[in-house]
């Protein structure tokens, strides 16, 4: 068995992440079974052919809502874990996790009934992260205090 590449950061199966362009700090489930990342949103409003506006609940047990605008990259058909196919908007934003900052694509959907409002899929994780499935919050605090980026004192920009 070969050693992991030194630039890969080990993370737990659930971590706090930042989406700095949107001013969001969210708990995310690391989901290697999903190709794409998904974010729970409400009130999606198409502004024009290229932009949308939507609301994001920042913490599961509060009514703190952040309204976000983003450019639409595309609309995609996504099959959920229960086998249903849904058409979803795909947007791009930057993520900060464990000192790594990079652009990721996120599908927007209603995950209101789900325990985890944000899923980070394989496309967002590849090349930079190794997942320890036995550890919850390896690089970020279990309770919300401040982001892992701030706790680790910086970030690495990845293109």
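We did not get these values from a lab; they are worked out from the coordinates using the rules stated. Everything quoted here is computed from the prediction, not taken from an experiment. When we count neighbours, we look across all protein chains shown, and the Cβ atoms used for this are built from the backbone with ideal geometry, even at glycine.
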How far, in nm, would the chain grow between residue 110 and residue 65 when pulled straight, counting 0.36 nm per residue and subtracting the alpha carbon separation? 14.8 nm
Taking the C-alpha atoms of the range 20-119, convex hull volume expressed per residue in Å³: 105
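Please arrange 32, 93, 67, 107 by counting, for each residue, the other beta carbons lying within 10 Å of its beta carbon, fewest first.
Fewest-to-most Cβ neighbours within 10 Å comes out as 67, 32, 93, 107.
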Give me 143, 92 sorted ascending by neighbouring Cβ count inside 10 Å, so fewest comes first. 143, 92
To two decimal places, what compactness ratio does the range 70-131 give when its Cα radius of gyration is scaled by 2.2 N^0.38 Å? 1.20
